[in-house]
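Reading through the structure tokens given below for one structure.
The values are calculated or read from the model by the stated rules, or taken from the named source; none is laboratory data. Keep in mind the model is a prediction, meaning the values are calculated, not measured. Cβ: placed from backbone, ideal geometry, glycine included. Neighbour counts: every protein chain shown. These area figures cover heavy atoms from the full protein model, side chains too; ligands, DNA and RNA do not enter into them. Shrake-Rupley method; radii C 1.70, N 1.55, O 1.52, S 1.80 Å.
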Amino acid sequence: MIYNNIFNKVKKVGNISLVFSFLTLSLTACGDFLEEYSQDTAYVRSFTDLDELLLGSGYIPTGTPTNIAETEGLYVGQQPYYYPYIHLMGDEVDYNIVATAEANITNGNPAEVFFGYYTWQQLVGISSDGTEQRAEDSDWKRIYKHINICNMVIATIDDMEAKASEELEKQRVKGEAYFLRGAYYFTLANLYGKPYNPQTASSDLAVPIKLTEFIEDELFQRNTVEEVYNQAIRDLKEAEQLLEGTTRKSFYRANATSAKLLLSRIYLYMQDWDNAIKYGQAVINAGDNRLENLNTMSAAYFLNPQLPEIIFSMGNGGLRNTLNSGGQAFSVTRDFFSIYNDPADLRTTYFIQMNTDYNYPEFVKGGARSDQSRASLSANFLLRTAEAYLNVAEAAAYKGDSQTALQALNTLRSNRISTSGYHDVSASNSELINFIRDERARELCLEGHRWFDLRRYAVNTVQPYVKTIRHNYTTMSYEYSYVTWSYQWVATQSRFYEFKTDESANTLPIPKEVIDFNIGMRNNERTDRQPVEIVNY
């Protein structure tokens, strides 16, 4: 169901106090604001209370479990991953038998937990043997819950009194709520709606839009992709205006630059090249978040809290641990690693490098596995200045403006390629477009972009691109080896599945629980996908 039963009708109490009896019953992880009233009704008396509520329940929380398969029984302080399966549906990673055999897969195997996503099944919650159906609506419920918090803040903050010296702070809170709501609708549209095709967006279905903070006794139906995108744009433009000139405490809170960069991405997805360039260039011209130069970087790893090009982050990181050790089943594919084809590219030191002990590509962008600070930057919702350069380059290349595209592209590359081996790229037309797409994959690897990029490339009107992706699901047995004189994991069977990025399976089905509740809601059709090859060991 859309998260529709969270809000009671709200009545104003005087001019400054609102009573929300649902808060202590319905919300968790709301921060000190709710803990203070945990034994009684929760009161919102000022815009600062709304600020606390937004921080605690409007933003995606951070607190990384050991691996993305740990979806239940989390320890104190840990928070669930949001839509981690987007890393498993594209071409960046695949099941790695070697990596799995060297470790222990008893503590949550993401290949099994997300089998239906990983192999593009109609029932994404289905287990590998077809005997178990896991819940499919966790992200749907969580994101709509955040949206409802934003709706409440937007609907009520203007009634809150503030001193003259506090007006900018009040404006900031409202702007953050608009930013988050726009970001969430854009995310939902790309999970559950078809990729934006200018010819069909007005009829393709996405997700329901709900902008009210109270219960509406109705069954919700899906709005179109065009409607949801337009709603996200309206919210982000409102956020941009409200946040301009305000001050934030850290990159865990949205600012005007955050809104500009997300607008640039949305317009790029919509194939509105002029606006994608306009907002991407606005981020670059702001000059607040310079590119990190890998030639002079002193940090031990790239995605660190001091990285100057961080604009905004929310949610969990930790993919470094999930992909490379502890029996977490996945590693970067050799095919994806092959796009780092410039020997002078320093990202093969700081982003992905070859594990010489076991001979497979290893993701190192987020730091050492034992370093818990890896959780500080999101693996799914991270805004960096580098994206602005890539958005400008790609949009300009589609327009045929090679000069603008190359200027943005080469500025980024000059900060990623060793000084001794650097040379400007000089290309045009289709060659330039292909290079920029590869550059986007190299730069934004495993930050939550690739799955969405592959979807939109398939409907691109200038130069469509369709790729066939092959995934393997391998079962393992814990057996004693008389070679190593120890127990180890041994592969018993591999099942291979294939998917073309222009198939209907590039869009997730609406969660089964939502379809069951909202009678008449149309679903996204997929097939029950069978393996194209089976190998027994």
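Note the full-extension length gain between Val98 and Arg334 as 0.36 nm times their separation in residues minus their Cα-Cα distance, in nm to one decimal. Mind dumping the intermediate values first?
Values: separation 236, 0.36 × 236 = 84.96 nm, distance 1.32 nm.
Extra length available between Val98 and Arg334 comes to 83.6 nm.
Less than 12 Å Cβ to Cβ from Leu432, Lys/Arg counted +1 and Asp/Glu -1: what total charge do the surrounding residues give?
Working: positive: Lys399, Arg437; negative: Glu394, Asp401, Glu431, Asp438, Glu439.
Within the 12 Å Cβ shell, the charges total -3.
Quick one: accessible area per residue over the chain, 1.4 Å probe, rounded to a whole number of Å²? Let's see the in-between values first.
Working: 21330 Å² over 537 residues.
With all protein chains present, the chain gives 40 Å² per residue.
Rounded to the nearest 20 debye, what is the charge dipole size of region 165-319 about its Cα centre when +1 sits on each Lys and Arg Cβ and -1 on each Asp and Glu Cβ? Write out the running numbers ahead of the final one.
Working: 16 positive and 20 negative charges, 80 e Å.
With Lys and Arg at +1 and Asp and Glu at -1, about 380 debye.
If packing is taken as the average number of other Cβ atoms within 10 Å across a peptide's residues, how do 235-247, 252-264 rank, most packed first? All intermediate terms of the calculation are to be shown ahead of the outcome.
On the way: 235-247: 19.5, 252-264: 25.2.
Descending packing order for the listed peptides: 252-264, 235-247.
Mind giving me the nanometre distance, one decimal, between the label points for Glu132 and Ser250, set 7 Å out from Cα along Cα→Cβ?
If labels sit at Glu132 and Ser250, their model points lie 3.5 nm apart.
Just going by the charge dipole of the chain, with Lys and Arg at +1 and Asp and Glu at -1 on Cβ, which of His449, Leu319, Ser138 is farthest out on the positive end?
Result: His449, furthest along the dipole toward the positive end.
Ordered by packing density, taken as the mean number of other Cβ atoms within 10 Å over each peptide's residues, highest first, how do 383-390, 449-456 rank?
On the way: 383-390: 26.0, 449-456: 20.6.
For the peptides 383-390, 449-456, the packing ranking is 383-390, 449-456.
Using R₀ = 60 Å, calculate the FRET efficiency as 1/(1 + (r/R₀)^6) where r is the Cβ-Cβ separation of Val490 and Asp401; round to 0.05.
Values: r = 55 Å, r/R0 = 0.92.
With R0 = 60 Å, the Cβ-Cβ based efficiency is 0.65.
So, R0 is 41 Å and r is the distance between the beta-carbons of Glu216 and Leu74; what FRET efficiency does that work out to, to 0.05?
Working: r = 32 Å, r/R0 = 0.78.
Efficiency, from the Cβ-Cβ distance: 0.80.
Over the heavy atoms of Ile519, what accessible area does a 1.4 Å probe trace out, to the nearest 10 Å²?
Taking all protein chains as shown, Ile519 has close to 120 Å².
To the nearest 20 Debye, how big is the dipole of region 365-515 about its Cα centre, given +1 on the beta carbon of each Lys and Arg and -1 on that of each Asp and Glu?
Details: 18 positive and 16 negative charges, 37 e Å.
For this selection, approximately 180 debye.
Can you tell which of Ser428, Asn524, Ile417 lies farthest toward the positive end of the dipole of the chain, using +1 and -1 charges on the Cβ of basic and acidic side chains (Lys, Arg; Asp, Glu)?
Ser428
Would you be so kind as to identify which of Met476, Leu123, Leu88 lies farthest towards the positive end of the dipole of the chain, taking Lys and Arg as +1 and Asp and Glu as -1 on Cβ and the Cα centre as origin?
Positive-most Cα among the choices belongs to Leu88.
Amide H neighbours of Ser331 under 5 Å, at least 5 residues apart or on other chains, H built in the peptide plane: list them.
Residues meeting the criterion, in which the H sits 1.01 Å from N, are Asp94, Asn96.
Once fully extended, how much extra length lies between Thr411 and Ser504, figured as 0.36 nm per residue of separation less the alpha-carbon to alpha-carbon distance?
Values: separation 93, 0.36 × 93 = 33.48 nm, distance 3.68 nm.
My answer for the length gained is 29.8 nm.
Considering Cα pairs under 8 angstrom that are at least six residues apart, work out the relative contact order of the chain and quote it in whole percent. Could the numbers behind the result be given before it?
Working: 1039 pairs, mean separation 99.1, N = 537.
Dividing the mean separation by the residue count of the chain yields 18 percent.
Leaving ligands and nucleic acids out of the surface, order Met476, Met160 by accessible area at 1.4 Å, largest first.
Numbers: Met476 30, Met160 5 Å².
The ordering from most to least exposed comes out as Met476, Met160.
Apply 1/(1 + (r/R0)^6) to the Cβ-Cβ distance of Met354 and Ala164, taking R0 = 56 Å, and write down the FRET efficiency to the nearest 0.05. Present the calculation step by step, with values, prior to reporting the outcome.
Working: r = 60 Å, r/R0 = 1.07.
Working from the Cβ atoms, E equals 0.40.
I'd like to compare 437-448, 79-90, 356-367: which one has the highest average count of other Cβ atoms within 10 Å, and what's the full order after that? Don't skip to the answer; put the middle values down first.
Numbers: 437-448: 20.6, 79-90: 23.0, 356-367: 18.4.
Result, highest mean Cβ count within 10 Å first: 79-90, 437-448, 356-367.
Under a point-charge model restricted to the Cβ atoms of Lys and Arg (+1) and Asp and Glu (-1), what is the dipole moment magnitude of the chain relative to its Cα centre, in debye to the nearest 20? Walk me through the numbers before you get to the answer.
Working: 49 positive and 67 negative charges, 106 e Å.
The dipole magnitude comes to about 520 debye.
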